[in-house]
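The values are calculated or read from the model by the stated rules, or taken from the named source; none is laboratory data. Everything numeric here is computed off the predicted structure, so don't read it as measured data. When we count neighbours, we look across all protein chains shown, and the Cβ atoms used for this are built from the backbone with ideal geometry, even at glycine. What goes into the accessible areas is simple: the full protein's heavy atoms, side chains included, and nothing from ligands, DNA or RNA. Shrake-Rupley method; radii C 1.70, N 1.55, O 1.52, S 1.80 Å.
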Amino acid sequence: MDDIVVDLAQVLNENHILWGIGGSYLLKSYGILEDVHDLDILVSEKDIDKTLEILDSIGERKTIPIKNEYTTRHFHVFSYKGLSLDIMSGFRIKHVDGVYEFILDNKAIVKREIRQGISIPYTSLEDWLIAYKLMKGRQEKVEMIESYLHTHGIGNLDLLKRNLSQDLPVEIRVYIEKLLANN
């Protein structure tokens, strides 16, 4: 899987795409999770058309089921060298009080690994903590991230703060404010 990620990163980077890895592979990069079955890639909205064009030329687009909890502007699944890629742009999660949108910009890319001379960008644990708290059935991942941040500290307080400008349920606002107050 890691070699496939490097190949994909090379193609996206050569085309100047603003993108970042999230989800389970992000957790794996921090040693939080071992088994990863797909790759979640967030892409800036300005680059989604170019990204889809690239992936259509090197991968196979798959049919996706509709999930009502997500109102993501662009969600596509590709098979690339046997790996399932979830491509998201304008990643949005519907909740009882509205819709949360995962902000993907240069600030959201908080970590880069260099493998085989290729830069691999990652989004933040802090942003994924909030996203997972909003998703149904992701409590185990929430607890894994919380445990990691408790041990290693919160490295991106500014990203947690900017999530407060989002449309969030009160309990998640209180949760973020508590995290900020304790750091």
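With a 10 Å cut-off between alpha carbons and a GNM built on the chain, which of GLY155, GLY20, GLY90 moves the most?
Its mean-square fluctuation being the largest, the pick is GLY155.
Considering the alpha-carbon set of the range 1-121 alone, what are its Rg and its Dmax in angstrom?
14.0, 45
Can you sort VAL170, VAL36, VAL142, VAL96 by 1.4 Å-probe accessible area, starting with the largest?
VAL96, VAL170, VAL36, VAL142
Among HIS74, HIS37, HIS95, determine the one that fluctuates most according to a GNM of the chain built with springs between C-alpha atoms less than 10 Å apart.
Taking springs between Cα atoms under 10 Å, the residue moving most is HIS37.
Under the Kirkwood approximation for Rh and a Cα-based Rg, what ratio Rg/Rh is obtained for the range 59-133?
1.01
Of LYS136/LYS178; LYS81/LYS133; LYS28/LYS136; LYS50/LYS107; LYS111/LYS133; LYS46/LYS141, which ones are farther than 28 Å apart at the Cα?
Working: LYS136/LYS178 22 Å; LYS81/LYS133 31 Å; LYS28/LYS136 21 Å; LYS50/LYS107 21 Å; LYS111/LYS133 22 Å; LYS46/LYS141 30 Å.
In this structure, LYS81/LYS133; LYS46/LYS141 lie more than 28 Å apart at Cα.
Once you have a ≥ b ≥ c as the square roots of the Cα gyration tensor eigenvalues for the range 6-69, tell me rounded if a/c is under 1.5, and otherwise prolate or oblate according to whether a/b is larger than b/c.
It is oblate, given that a/c is not under 1.5 and a/b is not larger than b/c.
Give me the dipole magnitude in Debye, nearest 20, for the chain about the Cα centre, with unit charges on the beta carbon: positive for Lys and Arg, negative for Asp and Glu.
Numbers: 22 positive and 29 negative charges, 68 e Å.
Charge dipole, the chain, about its Cα centre: 320 debye, nearest 20.
What is the antiparallel percent of DSSP beta bridges lying wholly in the chain, to the nearest 5?
Restricted to the chain, the bridges split so that about 80 percent are antiparallel.
Using a 1.4 angstrom probe on the protein heavy atoms only, could you order THR123, THR63 from most to least accessible area?
Largest accessible area first, the residues go THR63, THR123.
How about the range 94-166: which trypsin sites (Lys or Arg not before Pro) there lie in a loop by DSSP and see at most 13 other Cβ atoms within 10 Å?
Here the sparse-neighbourhood loop sites are LYS136.
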